[in-house]
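The values are calculated or read from the model by the stated rules, or taken from the named source; none is laboratory data. Model, not experiment: these values are computed from the prediction. In this analysis, Cβ positions are derived from the backbone assuming ideal geometry, glycine residues included, and neighbour counts consider all displayed protein chains. For accessibility, only protein heavy atoms count, side chains too; no ligands or nucleic acids. Shrake-Rupley method; radii C 1.70, N 1.55, O 1.52, S 1.80 Å.
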Amino acid sequence: MRRLDDQPWLTAPATRAVMAALEAAGGPDCARFVGGCVRNALIGAPVADIDIATTLKPEETDRAIRAAGLKAVPTGMAHGTVTAVSAHQPFEITTLRRDVTTDGRNATVAFTDDWAEDAARRDFRLNALYADGEGQVFDPTGAGVSDAVAGRIVFVGDPETRIREDYLRILRFFRFFAWYGRGEPDAAALTACGALAAGMTRLSAERVSKELMTLLAAPDPREAMAAMSAAGVLAQILPEAAAGPQFDAAVAQGGDPVIRLMTLLPSDERVVREAATRLRLPNSTRDRLAAAAVADPVVSLVMSDPDVRAAAYRFGVRAVADALNRRRAENPAGDADAQRLLALAEGWRRPSMPVGGRELARLGVEPGPETGRILKAFEDGWIADDFPSEGHAERLAALVRAPRG
């Protein structure tokens, strides 16, 4: 039997308080840690969330937490979940479950007190791991511990059965492989994911985009993305995308998932906006992708310093930096040039227009279309001359005197 050793979260007073509350109501074996916290503890990865499985029914869990003087939040009572808050830290507690019916998106569950039944409905063997309050590990599938240590992502039971229960598990397979996998992806899982990829059309865009962006945020998602593309899964959720050398280079150069997504997509504002809207990406992500696509035609690794400043003024520093990162991924040999231009763009502070309607009024120009035309001409010249800090009055007066046409 494996034990979790030297885990601060396991012995923390906040954790102990929650486990004590549950055990006071249901006995010493009514609650175990489950899933990611156990898996990550076994492989030495950081533990972010602490989830607990229990034989207590949701109402019993709620009463037990409150009886201990802790805060209980009924986050998903119908599915057996109560969140306990101890020392300002959330602990998600879920009653052991078995699926009664599934439709590929949602499941109707029944509560159980059978740990093996609960394990059998989970997605991957390395996630079907439990540990008691003393750190004793329980591995109902018999392969969860070895999978976690070896970096194998293997479905619990038959892959197609697990996927038909929830088609999001296709993306979860590639996401977990990106974060925890080593070696070749499980062949049976790949086959099932490819065969059932069309079922992902049943999923909400928010669920899909969350999995995709989490996958892209992995330290090195290149193998996972290549496998996802080869299986036809990437084309199902993002038909505009093409995984290839540009994406690989972007991964090698940094960890920004938005940059990585950008290199999967064509540099076309309309296409990018349509894809981002369909996936219901956050507005900030959608606008960032679109802005980089707009800036892309004027950005290159051979830009002069004034060209960089002009582009940053017109399109924004972030858009220019993103477009430069795209160019950097397209041409890794130009990395030194890209780094210098990136430093220039990111360190530049956009100046304000030094003249406006007030200055034109002093020169006798009435407010109206002529004001806009002259100010636009002034701005274009000011940008072309690399934002001089002097001579504005003379330049503006010359534009006012200049004949039109």
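Observations on the structure shown:
- Screening Thr161 on (1) over 25 Å from Leu10 (Cα atoms); (2) among the hydroxyl-bearing types (Ser, Thr, Tyr); (3) touching a residue at least 24 places away in the same chain (Cβ under 8 Å) shows it passes everything except condition (3).
- Any pair with Cβ under 7 angstrom, 6 or more apart, that starts in the stretch 206-218 at a residue that is at negative phi and ends at one that is outside any helix (DSSP H, G or I) and crowded, with 21+ Cβ neighbours inside 10 Å: Ser209/Leu281; Leu215/Pro221
- The number of residues in the stretch 54-71 that are outside any helix (DSSP H, G or I), of a type in the set (A, V, I, L, M) and open to solvent by 30 Å² or more (accessible area, probe 1.4 Å) comes to 2.
- The number of residues in the stretch 24-38 being in a helix (DSSP H, G or I) and either open to solvent by less than 10 Å² (accessible area, probe 1.4 Å) or within 19 Å of Pro90 (Cβ to Cβ) (or both) comes to 3.
- Test for Ala329: is it in contact with a Pro (Cβ under 9 Å, 6 or more places away or on another chain), assigned to a helix (DSSP H, G or I) and either of a type outside the set (Phe, Trp, Tyr) or more than 30 Å from Pro266 (Cα to Cα) (or both): yes
- For the stretch 357-396, a residue qualifies if it is small (Gly, Ala, Ser), out of contact with any helix residue (DSSP H, G or I) (no Cβ under 6 Å at 6 or more places or on another chain) and surrounded by 13 or more Cβ atoms within 10 Å (Cβ to Cβ), and the qualifying residues are Gly381, Ala393.
- When the stretch 227-247 is filtered for residues that are surrounded by fewer than 20 Cβ atoms within 10 Å (Cβ to Cβ) and of a type outside the set (S, T, N, Q), the ones remaining, listed by number, are Ala230, Gly232, Ala235, Pro239, Glu240, Ala242, Gly244, Pro245.
- Unmet requirement for Asn325, which otherwise passes all of (1) under 22 Å from the mean Cα position of the chain (by Cα); (2) within 30 Å of Ala397 (Cα to Cα): (2)
- When we screen Gly151, Gly157, Gly142 for residues that are closer than 27 Å to Leu22 by Cα and of a type outside the set (S, T, N, Q), the only hit is Gly142.
- Of all the criteria given as (1) closer than 29 Å to Glu274 by Cβ; (2) in contact with an Asp or Glu (Cβ under 6 Å, 6 or more places away or on another chain), the one not satisfied by Phe174 is (2).
- Options Ala293, Ala336, Ala343; residue that is hydrophobic (A, V, I, L, M, F, W, C) and open to solvent by less than 50 Å² (accessible area, probe 1.4 Å): Ala293
- Among the strands (runs of 3 or more DSSP E) confined to the stretch 82-163, there are none with at least 2 residues that are on the phi > 0 side of the Ramachandran plot and surrounded by 20 or more Cβ atoms within 10 Å (Cβ to Cβ).
- Selection status of Ala291, in a helix (DSSP H, G or I) and under 30 Å from Glu223 (Cβ atoms): no
- Odd one out for Ile237 among (1) in contact (Cβ under 8 Å) with a residue 12 or more places away in the chain; (2) under 18 Å from Ala329 (Cβ atoms): (2)
- Evaluation of Ala45 against the conditions (1) over 27 Å from the mean Cα position of the chain (by Cα); (2) surrounded by fewer than 16 Cβ atoms within 10 Å (Cβ to Cβ); (3) over 13 Å from Phe91 (Cα atoms) shows that the sole unmet condition is (1).
- Every listed requirement among (1) open to solvent by 10 Å² or more (accessible area, probe 1.4 Å); (2) on the phi < 0 side of the Ramachandran plot; (3) without any contact (Cβ under 8 Å) to a residue 40 or more places away in the chain is met by Asp51 save one, (3).
- Remark: pairs (first residue in the stretch 1-23, touching a residue at least 40 places away in the same chain (Cβ under 8 Å) and within 23 Å of Gly44 (Cα to Cα); second residue assigned to a helix (DSSP H, G or I) and among the hydroxyl-bearing types (Ser, Thr, Tyr); Cβ separation under 9 Å; 6+ apart in sequence or on different chains) = Trp9/Thr15.
- Residue in the stretch 16-34 that is touching a helix residue (DSSP H, G or I) at 6+ places or on another chain (Cβ under 6 Å) and either closer than 30 Å to Pro219 by Cβ or of a type in the set (Val, Ile, Thr) (or both) present: no
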